[in-house]
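Visitor: Structure below; questions to follow.
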There are 4 protein chains.
Amino acid sequence: MRRTIDPPADVAAYPFRHRVRARFAETDAMGVVHHAAYLPWLEEGRVALLRAGGRPYTEIRAAGTDLAVIECHIAYRLPAVFDDEIDVHCLLAAPDGATFEIAYLLRRAVETIATAVTVHACLDAVTGRPQRPPGWVRDLATPLRSGSTRK
Amino acid sequence: MRRTIDPPADVAAYPFRHRVRARFAETDAMGVVHHAAYLPWLEEGRVALLRAGGRPYTEIRAAGTDLAVIECHIAYRLPAVFDDEIDVHCLLAAPDGATFEIAYLLRRAVETIATAVTVHACLDAVTGRPQRPPGWVRDLATPLRSGSTRK
Amino acid sequence: MRRTIDPPADVAAYPFRHRVRARFAETDAMGVVHHAAYLPWLEEGRVALLRAGGRPYTEIRAAGTDLAVIECHIAYRLPAVFDDEIDVHCLLAAPDGATFEIAYLLRRAVETIATAVTVHACLDAVTGRPQRPPGWVRDLATPLRSGSTRK
Amino acid sequence: MRRTIDPPADVAAYPFRHRVRARFAETDAMGVVHHAAYLPWLEEGRVALLRAGGRPYTEIRAAGTDLAVIECHIAYRLPAVFDDEIDVHCLLAAPDGATFEIAYLLRRAVETIATAVTVHACLDAVTGRPQRPPGWVRDLATPLRSGSTRK
């Protein structure tokens, strides 16, 4: 797998926050939010980060670029339950060649619920072929503190 | 709403059956399958009905027709739980102008879990404009017994 | 089916509004929001209505009552697409015996995207047996104008 | 993160196969299966593996054990599209202390679509507290060939 970063444990490392509220439809028979339901939360978070950075994903797609998820890594620390308000803290790391990574810290108030990293490729929306990440990806990136790269 | 049929209560009225198994991801914190999870089961059922009728939905779409859901009506009779095997019985009713309807009876062994009707429009896949249902829709239709039309 | 009301077409008939934003995960290969994704939006809307009415669903459940969906009726008028902001207007109708109904009008700005009605039963959360709707259900109900009952 | 294994690239390393078919509801506006839809496929695969191994998850839960997902790692290699038949190959690795891991290889015919690893904790279904994995977890485990452990 290509992931090169670890999600920082310190909330202060994240420049952006997006809040979601757990839907009843997202719970399962264990009484908690199902693990698959977190992935759309991460997606909501990064879509909000792009919008806040002046790069709405609708415009990225209209300009001919798809941002494909090529890896997803998530660690579930504490269960979330129905109606929880969860802060999805996001950090876009500098691109490395054809891919870039986003780190996530999910918290309910000050409790860490989950951490995650997604790896993205930029694709030509018509041909599906990989593109170099546009310049704005680097512009939106946050420098990582030491200790958050995996080697 | 446009629905004109009621789903027959008698399983013998349905010419086609497709079996699904309830996923854990489809359950909710009440311990039963979430009501929204039934709609993909109906969809699986009608996709299987089209395939069995020699009209795979992939080919319908490749030929330029989308089948949009314009109404969905569902009555939940008994809860389904994780790992239940559910038979989705389907019946495609004769088209009426620009739309056609599909009725569903969902059973776990001989117990009725739910009944449903979906109303579909045929759309040009490129322009999104309504089309008359292709001839094969009428060919796949099952005559409805008296008592299953709503007026 | 038990539904007795039609969703009013006039937004002024609805006392409550909840906004959702279409997730990319909710779209499908037709390029629009998948029809099954609307049901969690309706659920978000009624959960927000209950919260605003001083009856958070978490407290209803903690007090021993589950609100089961026993019917769902939805008509899709115009497609919704990724990132659309959709207003889910909700109206809780007066209970009739053991069940009550909620009507919905979904709009993107002033365009009607969909209308819906859900029918609910109150269940004892432990035994799963039907209960009479608690008094607060009637307190939260909005009188329906003539023309919105089905007979 | 706790993951200690890499998913073998060789299909012969996997003792179990479960087939799923991509639902239209699982696609997104890129025209491919949405990345979040793979997690329920992994879940279907491991539920089928447990059933085939004589340990249906319904019985595990009835016996008082929940198997929580504490990590999920997935790499998407090639897009899957609507109606694809995908083989979910699964391998349960020997437990290590309080957790165990499952590796997955997803293929469409002979093409690798995705690989994944999930990490699981055994929880007391009533208290939610971690348990040592029951003996049958070790009984169902497959030895890993050298090269599939991460250190």
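Visitor: Say each of C:E85 and B:R138 gets a label point 7 Å from the Cα, pointing the same way as Cα to Cβ; how far apart are those two points in nm?
Guide: It works out to 4.8 nm between the two label points.
Visitor: Which stretch or stretches of segment C:66-101 have amide N atoms under 13 Å from the point lying 7 Å from C:Q131's Cα along the Cα→Cβ direction?
Guide: Taking a point 7 Å out along Cα→Cβ of C:Q131, the residues of segment C:66-101 whose backbone N falls under 13 Å are C:66-68.
Visitor: May I ask for the angle, rounded to the nearest 10°, between helix D:38-52 and the longest principal axis of chain D, with both axes built from Cα atoms and the value confined to 0 to 90°?
Guide: Tilt relative to chain D: about 50 degrees.
Visitor: What distance in nm separates the simple spin-label points at A:R51 and A:A63, each placed 7 Å from Cα in the Cβ direction?
Guide: 1.8 nm
Visitor: Same structure, new question: Taking only C-alpha pairs under 8 Å that are 6+ residues apart, what is the relative contact order of segment B:1-126 in percent?
Guide: Worked out over segment B:1-126, it gives 35 percent.
Visitor: What is the distance in Å between the Cα centres of segment A:17-69 and segment B:40-117?
Guide: Result: 29 Å between the Cα centres.
Visitor: What FRET efficiency comes out for the pair C:R77/A:T4, r = Cβ-Cβ distance, R0 = 45 Å, nearest 0.05?
Guide: 0.45
Visitor: Using the alpha carbon gyration tensor of the protein assembly as shown, what are the three equivalent-ellipsoid semi-axes (square root of 5 times each eigenvalue), largest first, in whole Å?
Guide: 38, 27, 27
Visitor: Oh, and also: Can you list the residues of segment B:66-83 with backbone N under 14 Å from a point 7 Å past the Cα of B:V110, pointing along Cα to Cβ?
Guide: Residues passing the 14 Å test: none.
Visitor: Separate question: Please list the three semi-axes, largest first and in whole Å, of the ellipsoid equivalent to segment D:1-43, using sqrt of 5 times the eigenvalues of its alpha carbon gyration tensor.
Guide: They are 25, 15, 10 Å, listed largest first.
Visitor: Sticking to Cα atoms, compute the Rg of segment A:11-140 to one decimal and its Dmax as the biggest Cα-Cα distance, whole number, in Å.
Guide: According to the Cα coordinates of segment A:11-140, Rg and Dmax are 15.2, 45 Å.
Since every read-out is calculated from the coordinates, none of them should be taken as a lab result. Being a predicted model, the structure only gives us computed values, none of them experimental. Positions of Cβ are generated from backbone atoms using ideal geometry, with glycine treated the same way; all protein chains shown enter the neighbour counts.
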